[in-house]
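Just below is one structure, and these are the notes that go with it.
The values are calculated or read from the model by the stated rules, or taken from the named source; none is laboratory data. On a predicted model such as this, the values are computed, not experimentally measured, just so you know. Because the Cβ atoms are built from the backbone with ideal geometry, glycine has one as well, and the counts that use them run over all protein chains shown.
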Amino acid sequence: MRRATTVMAVTVLVIAVAGIAGAGTPPLRASHGITRATPVNPARFNQGIQNLRSMYSAQQLEEGTYVGSEFCIACHQDKAGFRDTLHRKKIRTPGPAVMVNDYNQNGINDFDEGLDFNQISSAFDKYKPNAPILSHEGSTYYITIGDLKMPVVIAQGGAGWKQRYVVRVPVTGTPDGMTAGQYLSPIQYNLATHGYVVYHGDHWFDESNEPKFHAGVSAAEVAAGSGGDYSKNCIGCHSTGVKKITQDANGEWRADLWPAGLYQADDPTYLDFDGDGNKDLTNVGCESCHGPGSAHVLGGGDPSKIVNPEDLDEDTADEVCGQCHLRPKSVPNGEHGFPYNETNDTQWIPGRGQDLSEFGTDSAGYWPDGIHSTQHHQQWLDWTHSKHATNPFEKVHCWTCHEPHENTTNDHQIIESIEDDGVTIATSTDNNTLCLACHATHGPFKDITKEMVADYDTNIGVIGATIAAHSHHPYAPDRIMGLSRCTQCHMSKVSKSAIKYDIHSHVFDVIPPELTLDYQAQGGMPSSCAASCHSLKVNVWGFGINPEWGVWNNDFETMNANELMEYFGPGGKWWDTEDTQSVTAQSLQRVAAPGEITVNVNEDDSD
């Protein structure tokens, strides 16, 4: 049933504090951090509130219903930059401004150009003559595999790392002749390389590399033969709340999402995912972290009616991020690839006192040590193994380093400044000021004061000498090799999103070269030294660089690890890894756990 929604034609919605009061709504309290502004169209916002009242009962609104980020931004105008963050660009309606795939870099996306993978050399060569063909007709983008031409209904990503394409499949036996569900196609475009890789090709092609599905296929056959059902595997972390997930008579999974009562007319981040005629709260929104906002909105901004992660206990606070930055299977049957309690048909909701483990079990990809992640969106799992999570003096939260509400001048929404004891420090990972904002005056950096870090350029000599003494490397963190940059060693890129290795570890330790040798039978694993520099960037030992990048049990890496251990340890010339309290020691002592990473660069199964 189509529900009433208010569509905003303005680019930015600005509402006065007094403007949202009406029809029994208490006035907002300016002391709660809400910015007063000149109203642009308060009538539209008030209509949005009336829409909520027409869509839900008073009890539902009081108990907590998802209303959408535009209601939040209407008053918290300083958070309007959230619209431009990657969290808001997980899935979007396909369009010229959204499609970024351009393998020949001529400024025309490959759908518009009609890219035929049968006519070029690519990762899809083994599927010729039935390799995918891209096209664009009217307002619809298509992917054709064999004799099956499928409309692209969702573009996933494209604002960083990669872009994937979600389709519906023409079938028999359904009212509109299309699958009820949406399915991830086998096409992944990587922004860094301007190239394509095959994403779960076995979902679309059989063992003979022939198409699994042909014209006239039934919805039941697609549901049984394709593993890429978006409602089943993905939507839980690519939307703001899921009402329920059901499986229809054809075996297709259907996620019922919360409708958007207020949205911008031209915003591609709001899609009618569940096909009920309403735009839904697709993508991560304010309420993904702050919980359902209806009582807060209708309560005049009462802070007691909304969750602030800062006010949660320390473990639960970081589960706000952990609910998606992990890789789980739902419980109890593992049907879904996101936290979901199948018995109660519910998601984990911030601030409800729920144990995240009651919604999912760990199915993450790890290196053989069982600690360091091989796959992306596992940063919270990494963090749980780190001293940042267990520090008895001050627990470091995700938002200690990352600004969740807007993009910053730093990559990855790294915060721009930290204030400590009245000292404001401009922060960046490239010059170590982010790490020094906390670590100065402690341990190896006890002689660096916070005031020195705040005036980095003046004190770079002392800072550089101190860190170089710790790292045993020259100090040049802002150069391309990142020598003596904290994150090069303590957050090495050993995980994969689009290409190997493009995601920083969040265990915040130095992975010892000893582990490369200890796990040779399991394929080996990277050390921080090798992954950051010594496998590809430098030829210190005189035997070149790794001819098989990403293979950790070849002759090169065993020789490399042996050379590195002479300096790293145990009992190394520069460091000693025998401290039993270190994460490194825990890695060495831990029983090997299953971990995997894709070696074939033409295949990408890292969901």
_Hits in region 444-459 - residues which are closer than 19 Å to Thr427 by Cβ and either hydrophobic (A, V, I, L, M, F, W, C) or touching a helix residue (DSSP H, G or I) at 6+ places or on another chain (Cβ under 9 Å) (or both)_ = Phe445, Ile448, Thr449, Lys450, Glu451, Met452, Val453, Ala454, Tyr456, Thr458, Asn459
*Conditions: (1) in contact with a strand residue (DSSP E or B) (Cβ under 8 Å, 6 or more places away or on another chain); (2) over 18 Å from Cys234 (Cα atoms); (3) assigned to a loop (DSSP other than H, G, I, E, B). Pro292 meets all but one. Number of the miss?*
(1)
*Can you tell me which residues in region 251-288 are closer than 23 Å to Tyr183 by Cα and of a type in the set (Phe, Trp, Tyr)?*
Trp253, Trp258, Tyr270, Phe273
*Condition check for Asn101: over 24 Å from the mean Cα position of the chain (by Cα) and in the same structural domain as Asn190 (by TED's automatic domain parsing)*: no
_Sole residue being surrounded by 24 or more Cβ atoms within 10 Å (Cβ to Cβ) and either over 24 Å from His376 (Cβ atoms) or in contact with a helix residue (DSSP H, G or I) (Cβ under 9 Å, 6 or more places away or on another chain) (or both), chosen from Asp229, Asp176, Asp206_ = Asp229
*Taking the stated definitions as given, is Ile133 of a type in the set (A, V, I, L, M) and closer than 24 Å to Asp266 by Cα?*
no
*Index of the failed condition, Phe556 passing every other in (1) over 28 Å from the mean Cα position of the chain (by Cα); (2) surrounded by fewer than 17 Cβ atoms within 10 Å (Cβ to Cβ)*: (2)
_Failed item, numbered, when Gly48 is tested on (1) under 29 Å from the mean Cα position of the chain (by Cα); (2) under 27 Å from Glu406 (Cα atoms); (3) buried (at least 21 other Cβ atoms within 10 Å of the Cβ)_ = (1)
*Within the bounds of region 172-179, is there any residue that is modelled with pLDDT of 95 or more, closer than 22 Å to Lys89 by Cβ and not small (Gly, Ala, Ser)?*
no
*Is it true that Asp318 is in a loop (DSSP other than H, G, I, E, B), crowded, with 18+ Cβ neighbours inside 10 Å and among the charged types (D, E, K, R)?*
no
*Among the candidates Val14, Val10, Val98, Val40, single out the residue that is modelled with pLDDT under 90, in contact with a Lys or Arg (Cβ under 9 Å, 6 or more places away or on another chain) and not in a helix (DSSP H, G or I).*
Val10
*If you check Asp272, Asp267, which single one turns out to be acidic (Asp, Glu), more than 16 Å from Lys329 (Cβ to Cβ) and in contact with a strand residue (DSSP E or B) (Cβ under 8 Å, 6 or more places away or on another chain)?*
Asp272
*Answer with yes or no whether Val462 is touching a helix residue (DSSP H, G or I) at 6+ places or on another chain (Cβ under 8 Å), among the β-branched types (Val, Ile, Thr) and crowded, with 16+ Cβ neighbours inside 10 Å.*
no
*asked:* Looking at Ala265, Ala249, Ala223, can you tell me which residue is closer than 21 Å to Arg168 by Cα and surrounded by fewer than 18 Cβ atoms within 10 Å (Cβ to Cβ)?
replied: Ala249
*Can you give me the ranges of the strands (runs of 3 or more DSSP E) entirely in region 208-272 with at least 1 residues that are outside the structural domain of Cys75 (by TED's automatic domain parsing) and free of Cβ contacts under 8 Å to residues at least 40 places away in the same chain?*
242-247, 253-257
_I'm checking my understanding of the structure. Among residues of region 70-94 that are aliphatic (A, V, I, L, M) and surrounded by fewer than 20 Cβ atoms within 10 Å (Cβ to Cβ), which one is farthest from Val152 (Cα to Cα)?_
Ala80
_Hits in region 416-425 (condition: surrounded by fewer than 17 Cβ atoms within 10 Å (Cβ to Cβ) and more than 24 Å from the chain's Cα centre (by Cα))_ = Glu419, Asp420, Asp421, Gly422, Val423, Thr424
*Could you pull out the residue among Phe338, Phe359 that is surrounded by 20 or more Cβ atoms within 10 Å (Cβ to Cβ) and more than 30 Å from Glu394 (Cβ to Cβ)?*
Phe338
*Could you please let me know if Gln105 is exposed (fewer than 15 other Cβ atoms within 10 Å of the Cβ) and farther than 28 Å from Ser69 by Cα?*
yes
*So, of the residues in region 273-287 that are among the hydrophobic types (A, V, I, L, M, F, W, C) and in a loop (DSSP other than H, G, I, E, B), which turns out to be nearest to Val307 (Cα to Cα)?*
Val284
*Given (1) assigned to a helix (DSSP H, G or I); (2) out of contact with any helix residue (DSSP H, G or I) (no Cβ under 9 Å at 6 or more places or on another chain); (3) over 28 Å from Asp576 (Cα atoms), where does Thr409 come up short, assuming only one miss?*
(1)
*From the list Gln323, Gln375, which one is surrounded by 22 or more Cβ atoms within 10 Å (Cβ to Cβ), under 21 Å from the mean Cα position of the chain (by Cα) and polar (S, T, N, Q)?*
Gln323
